[in-house]
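Here the structure is laid out as structure tokens; the discussion comes afterwards.
The values are calculated or read from the model by the stated rules, or taken from the named source; none is laboratory data. None of the values given here were measured: they were computed from a predicted structure. Cβ: placed from backbone, ideal geometry, glycine included. Neighbour counts: every protein chain shown. To get the accessible areas, we keep the full protein, side chains included, count just its heavy atoms, and leave off ligands, DNA and RNA. Shrake-Rupley method; radii C 1.70, N 1.55, O 1.52, S 1.80 Å.
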Amino acid sequence: TDKPQGMRPLALPPKISLVDFKEFVQEIIDLVGIVNVEVISSKDQIEDGSYMNPTYTHDPHHVMEQDYFLASAIVAPRNVSDVQAIVRLASKISFPLWPISIGRNSGYGGAAPRVSGSLVLNMGKNLNRILEVNVEGAYCLVEPGVTFHDLHDYLVANNLRDKLWIDVPDLGGGSILGNATERGVGYTPYGDHWMMHSGMEVVLPNGELLRTGMGALPAPRSPETMGLKPEDQPWNKTAQLFPYGFGPYIDGLFSQSNMGIVTKLGMWLMPNPGGFQSYLITLPRDDDLKQAVDIIRPLRLGMALQNVPTIRHILLDAAVLGDKKSYTSKTEPLSDEELDKIAKDLNLGRWNFYGALYGPEPIRKALWETVKEAFSAIPGAKFYFPENTAKNSVLRVRDKTMSGIPTYDELKWIDWVPNGAHLFFSPIARVHGEDAMAQYQITKKRCHEAGLDFIGTFTVGMREMHHIVCIVFNKKDSVQKKKVQWLIRTLIDDCAANGWGEYRTHLAVMDQIMGTYNWNNSSFLKFNEVLKNAVDPKGIISPGKSGVWPSRYSQTWKL
Ligand code: ADP
């Protein structure tokens, strides 16, 4: 008979018996304590929760059935040694582990594992220390459980905001480490999080602990640190300053991958620029997108645009300010006339460009003149600072985001429809007017065919744009969910046919997207599979992540 907690999980991984599972989980309980283990044995444990109160069992934005991707148990290691011990236990029976840091991963699958029955390793619950904030070198070293909000609070509490800023994504509750390993982005000059990391500590599938870059070079020995376990030993003093070290640069193998479990990460922080001004440029017409993107390219390349600015579709801003019902009684996609009316009522454009100026006043002034002059070529473009906009304006939110202050206001657009949930479709686009227009037209057309409004934004990197299509759907409407599945699958193929690929994706379409990165007989995937099987022969870490499967899993696992 089962223990009170219920040791019979709703889902078991392939080729694992209940007896094996129970023994495995009991060994883990003996290791980390019962308070750090939860077996998912009853449907009552599967609740969508909310952003502020996230679930670890499944994807709260379920585009498939609610329990399609389901954990068998959730385990929170207390320290790095626990992680190593769990990996070794899992290795014995080839039990799949799915490491997460905070587990929000909103729009990409939440904390859910790709293979149902996997053990979700909640790295963030106990491993949540800010190990260092170094003002002189402008960097930090963090564990998985440190959120953007946590680090920002730390800077404020220690009076360090006048020295250092962090870079935040749209929402402040994610893990700094988790987001960087997923190659997520934010909106300050340090918006490319992967570019800004330096030094990783990783538990490998065989239980060994690795430090990358200069972290592979030991810090000088001293009497105080001599007896410490590797995980507690001080890092080389240059590990957070120079990311590459010597020899093959392997950090990339631990991003969007399943080669290891990241336990520490160094991140560069931005020195307080000594002045900041956010702005909004509204663009009245739908096809102004084309001209705007061509204006942006040289400015961004030349760094007159200093940060990661965004070109937001009117409905993304509208959805932050109210749900669809507050604008219209219509449930079908809105027409051009209706979008024009919404834009007019909100004092916004059909596209809205949010950027910021960094530095002392003379610098900001010179850059603003450049930016303003360039955008003035668009008839009807209007320019705003936050104080010239409504109290609840999106610019006032972006003002915080672009200066590294975490917010939660962008959560509101998910409620555009009743029982709102979302899925991101995120192709990369050239910073090129025609390409941007074509990608917008194709994605919009497909959204409309699926009966949904187009809601999206282009976030401008150094030489490309992450085009983020926010697919918002009613998660209690199973017919609509089927349409959304059709939509994203169709979008992936449409985009691939045009030479456009996604930078990141939801669990449900990882295989399909990896299938589009198939140049020369899929040599990229084949190389990844060789590495995967060599580094993780038992296939225990995140099988199927990014469409990379260990040989233990047959082709039939592909979705
Ligand atoms: P968020 O910061 O949005 O809450 P998660 O913690 O859910 O993000 O992490 C997103 C994804 O990144 C996970 O599903 C997992 O694939 C990967 N990931 C997160 N943390 C780690 C880690 N410590 N080691 C390896 N992979 C990780």
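Across the alpha-carbon atoms of region 350-423, the computed radius of gyration and Dmax are 15.4, 48 angstrom. Annotation: Thr55 carries an accessible surface of approximately 10 Å², with a 1.4 Å probe and no ligand, DNA or RNA atoms counted.
Across the chain, the mean sequence separation of Cα contacts (distance under 8 Å, 6 or more residues apart), normalised by length, yields a relative contact order of 15 percent. For region 436-481, just say rounded, prolate or oblate: build the C-alpha gyration tensor, square-root its eigenvalues into a ≥ b ≥ c, call rounded for a/c under 1.5, and beyond that prolate if a/b exceeds b/c, oblate if not. Since a/c reaches 1.5 but b/c is at least a/b, the shape of region 436-481 is classed as oblate.
When Ser551, Ser106, Ser255 are compared by accessible surface with a 1.4 Å probe, the order from highest to lowest is Ser551, Ser106, Ser255.
When you filter the GluC sites (Glu not before Pro) in region 171-228 for DSSP loop state and at most 11 other Cβ atoms inside 10 Å of their Cβ, you are left with Glu224.
In a reduced charge model with +1 at each Lys and Arg Cβ and -1 at each Asp and Glu Cβ, region 434-544 shows a dipole moment near 420 debye about its Cα centre.
Taking θ as phi - 60° and the Karplus parameters 6.51, -1.76 and 1.60, the scalar couplings of region 499-507 work out to x, 10, x, 8, 8, 5, 7, 6, 3 Hz in sequence order, x denoting glycine and proline. Under 18 Å of direct C-alpha separation, and excluding same-chain neighbours fewer than eight residues apart, Lys15 reaches these aspartates and glutamates: Glu23, Asp536. Computed over protein heavy atoms with a 1.4 Å probe, the carbon and sulfur contribution to the accessible area of the chain reaches 55%. Between Leu559 and Asp336, the modelled label-to-label distance comes to 3.6 nm, taking each label 7 Å out from Cα in the direction of the beta carbon. Between their Cα atoms, which of Lys237/Lys538; Lys444/Lys558; Lys125/Lys558; Lys444/Lys475; Lys475/Lys526 are more than 25 Å away from each other? As for pairs spanning more than 25 Å Cα to Cα, those are Lys237/Lys538; Lys444/Lys558; Lys125/Lys558; Lys475/Lys526. Qualifying chymotrypsin sites (Phe, Trp or Tyr not before Pro) in region 163-263, where qualification requires a DSSP coil assignment and no more than 14 other C-beta atoms within 10 Å, comprise Tyr244, Phe246, Tyr249.
Counting only DSSP beta bridges with both residues in the chain, the antiparallel share comes to about 90 percent.
In order along region 327-341, phi translates into HN-Hα couplings of 9, 7, 8, 6, 9, 5, x, 6, 8, 4, 4, 5, 5, 4, 5 Hz, rounded to whole numbers, per the Karplus curve 6.51 cos²θ - 1.76 cosθ + 1.60 with θ = phi - 60° and x for Gly and Pro. Here the Karplus curve 6.51 cos²θ - 1.76 cosθ + 1.60, taken at θ = phi - 60°, turns the phi angles of region 433-446 into couplings of x, 5, 4, 4, 4, 5, 5, 5, 4, 5, 5, 5, 4, 5 Hz, with x standing for Gly and Pro. Listed by chain and number, the aspartates and glutamates whose alpha-carbon sits under 17 Å from that of Lys382, ignoring those within fewer than 8 places in the same chain, are Asp286, Asp287, Asp288, Asp317, Asp340, Asp345, Glu369, Glu373. In the chain, the calculated helix contribution to ellipticity at 222 nm averages -9000 deg cm²/dmol per residue, counting -39,500 (n - 2.57) for every DSSP H run with n ≥ 4.
Sorted largest first, the principal axis extents computed over the alpha-carbon atoms of the chain equal 69, 59, 48 Å. Normalised by the number of residues in region 383-465, the mean separation of alpha-carbon contacts (under 8 Å, six or more apart) gives a relative contact order of 18 percent. Our summary gives region 310-363 a relative contact order of 59 percent, counting only alpha carbon pairs under 8 angstrom and 6 or more residues apart. Solvent exposure of region 132-181 amounts to 33 Å² per residue of accessible area, where only protein heavy atoms count and the probe is 1.4 Å.
Checking every one of the chymotrypsin sites (Phe, Trp or Tyr not before Pro) in region 337-433 against DSSP loop status and a limit of 14 other Cβ atoms within 10 Å picks out Tyr408. Bridging of Lys445 to lysines at a Cα separation below 20 Å is possible for Lys290, Lys324, Lys330, Lys481, Lys482, Lys483, once same-chain residues fewer than 8 apart are set aside. Summed over the residues of region 489-557 and divided among them, the accessible surface reaches 44 Å² per residue at a probe radius of 1.4 Å. Scanning residues 5 or more positions from Ser198 or on other chains, those with amide H under 5 Å from its amide H are Gly266, Met267, Trp268, with H placed 1.01 Å from N in the peptide plane.
Residues Ser326, Ser335 ordered from highest to lowest accessible area at a 1.4 Å probe: Ser326, Ser335. Each Lys and Arg contributes +1 and each Asp and Glu -1, all at the Cβ; summed about the Cα centre of the chain, the dipole is approximately 480 debye. Ordered from highest to lowest accessible area with the whole protein assembly present and a 1.4 Å probe, Asp288, Asp48, Asp30, Asp67 read as Asp30, Asp67, Asp48, Asp288. Net charge dipole, region 1-151: roughly 340 debye, given to the nearest 20, about the Cα centre with Cβ charges of +1 for Lys and Arg and -1 for Asp and Glu.
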